[in-house]
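**Q** First the structure, which I've put down as structure tokens, then a few questions once you've had a look.
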Amino acid sequence: MRKPIIAGNWKMNNTASEGVALVKQIAPLVKEANCDVVVCVPAIDIPAVSEALKGTNIALGAENVHFAEKGAFTGEISAAMLLEYGVKYVIIGHSERRQYFGETDETVNKRTLTALKAGLTPIVCIGESLEERETGETEAVLFEQIKVGLKDIEDIKEVVIAYEPVWAIGTGKTATAEQANETIAFIRKTIGELFCPKCAEKVRIQYGGSMNAGNCKELMAMEEIDGGLIGGASLKAPDFAAIVNFDK
Ligand code: 13P
């Protein structure tokens with residue numbers, strides 16, 4: 001019922017020319033995909049990668065968007081700037097932005113509302129740290145991130161949520177399929193309570209954190225997991241394609 005969505009998050013890797021070379025390798029490998037395929041790329045790569053994606057089934061995403069329409073925000077990128085290059089998705093509130101760049105649930109909320117208003121699909125990242133998991137705070141942390149980060153959203157099914165346990169990102173330590181499924185079920189239940197149960201059934205929730213060609217089938221087989229947000233493995237065409245083609 002929910003169409004799976006596999007998205008690459010290149011982070012601060014790949015210059016524009018490297019990015020173009022990568023999507024040229026990926027495109028033929030994923031053209032029979034049954035899921036939505038997205039690459040989220042550094043802002044400066046967007047013009048060149050946008051051009052390279054023409055005629056493919058891969059959609060373009062950004063890694064952040066500012067919440068103001070325009071103005072004195074040196075170094076920031078607006079939704080209109082992204083739209084001009086055919087960007088469809090935008091990652092918001094990645095744990096690296098929360099950790100290193102002062103992103104909070106409040107700024108996540110402002111960016112998400114702005115993205116939706118502009119017609120971009122936000123991929124909103126939430127997830128607990130290792131300490132929070134070990135002290136049994138996972139559900140409380142996620143509840144707060146959802147309550148504040150997704151406040152005032154009219155149509156919650158327009159949002160993609162990425163559950164990324166911080167301890168699983170770039171560490172090679174994946175949440176077990178059962179752990180990921182159970183936590184995503186909690187996220188869906190919370191959305192049901194805060195929005196409506198029917199809409200919660202329609203929201204796509206990805207897993208992210210050391211997802212790769214070897215573990216994607218097991219993760220994607222879980223009932224609650226609707227896709228993946230892929231870091232390291234999205235930088236290699238065969239690996240990313242293997243994840244996109246998880247059902248083949
Ligand atoms: P890795 O796949 O490298 O663990 O990164 C996950 C991630 O942060 C995707 O946004």
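The values are calculated or read from the model by the stated rules, or taken from the named source; none is laboratory data. Quick caveat, the model's predicted, so the values are computed rather than measured. Glycine gets a Cβ as well: all are built from the backbone with ideal geometry, and neighbour counts include every protein chain shown. These area figures cover heavy atoms from the full protein model, side chains too; ligands, DNA and RNA do not enter into them. Shrake-Rupley method; radii C 1.70, N 1.55, O 1.52, S 1.80 Å.
**Q** Considering only the stretch 41-74, state which residues are of a type in the set (Lys, Arg) and either in contact (Cβ under 8 Å) with a residue 24 or more places away in the chain or under 19 Å from GLY232 (Cα atoms) (or both).
**A** none
**Q** Now, a different point. Given the condition away from the ligand (no atom under 13 Å from the Cβ), part of a helix (DSSP H, G or I) and of a type in the set (S, T, N, Q), answer yes or no: does some residue in the stretch 161-176 qualify?
**A** Checking the stretch 161-176: not a single residue is away from the ligand (no atom under 13 Å from the Cβ), part of a helix (DSSP H, G or I) and of a type in the set (S, T, N, Q).
**Q** Inspect all residues belonging to the stretch 197-206 and state whether any of them is open to solvent by 50 Å² or more (accessible area, probe 1.4 Å) and touching a residue at least 60 places away in the same chain (Cβ under 8 Å).
**A** yes
**Q** Just checking, does the stretch 141-155 include any residue being of a type outside the set (D, E, K, R), outside any helix (DSSP H, G or I), within 18 Å of GLY8 (Cα to Cα) and touching a strand residue (DSSP E or B) at 6+ places or on another chain (Cβ under 9 Å)?
**A** The answer is no; no qualifying residue exists.
**Q** Considering every residue within the stretch 109-120, establish whether at least one is in contact (Cβ under 8 Å) with a residue 24 or more places away in the chain, within 16 Å of the ligand (Cβ to nearest atom), in a loop (DSSP other than H, G, I, E, B) and under 17 Å from ASP152 (Cβ atoms).
**A** No; the residues of the stretch 109-120 include none that is in contact (Cβ under 8 Å) with a residue 24 or more places away in the chain, within 16 Å of the ligand (Cβ to nearest atom), in a loop (DSSP other than H, G, I, E, B) and under 17 Å from ASP152 (Cβ atoms).
**Q** Out of all the residues in the stretch 93-102, which are open to solvent by less than 60 Å² (accessible area, probe 1.4 Å) and either within 16 Å of the ligand (Cβ to nearest atom) or in contact with a His (Cβ under 7 Å, 6 or more places away or on another chain) (or both)?
**A** Hits for the stretch 93-102 are GLY93, HIS94, SER95, GLU96, ARG98.
**Q** Test each condition in (1) exposed (fewer than 13 other Cβ atoms within 10 Å of the Cβ); (2) within 25 Å of LYS173 (Cα to Cα) for LYS117 and report the one that comes out false.
**A** Every condition holds for LYS117 apart from (2).
**Q** Can you confirm whether GLU131 is modelled with pLDDT under 95 and over 19 Å from TYR207 (Cα atoms)?
**A** yes
**Q** Within the stretch 21-42, how many residues turn out to be outside any strand (DSSP E or B) and surrounded by 17 or more Cβ atoms within 10 Å (Cβ to Cβ)?
**A** 8
**Q** Please go through the stretch 166-196 and give me each residue that is open to solvent by 60 Å² or more (accessible area, probe 1.4 Å), touching a helix residue (DSSP H, G or I) at 6+ places or on another chain (Cβ under 7 Å) and at pLDDT below 95, ordered by number.
**A** Scanning the stretch 166-196 gives GLY170, LYS173.
**Q** Answer with yes or no whether LYS248 is touching a residue at least 24 places away in the same chain (Cβ under 8 Å), among the charged types (D, E, K, R) and open to solvent by 10 Å² or more (accessible area, probe 1.4 Å).
**A** yes
**Q** Restricting to the stretch 66-92, name every residue that is surrounded by 14 or more Cβ atoms within 10 Å (Cβ to Cβ) and either acidic (Asp, Glu) or within 16 Å of the ligand (Cβ to nearest atom) (or both).
**A** Within the stretch 66-92, GLU76, TYR89, VAL90, ILE91, ILE92 meet the criteria.
**Q** Let me ask something else about it. Hey, which of the helices (runs of 4 or more DSSP H) in the stretch 178-248, taking only ones fully inside, have at least 3 residues that are within 16 Å of the ligand (Cβ to nearest atom)?
**A** Qualifying helices (runs of 4 or more DSSP H): 216-220, 237-244.
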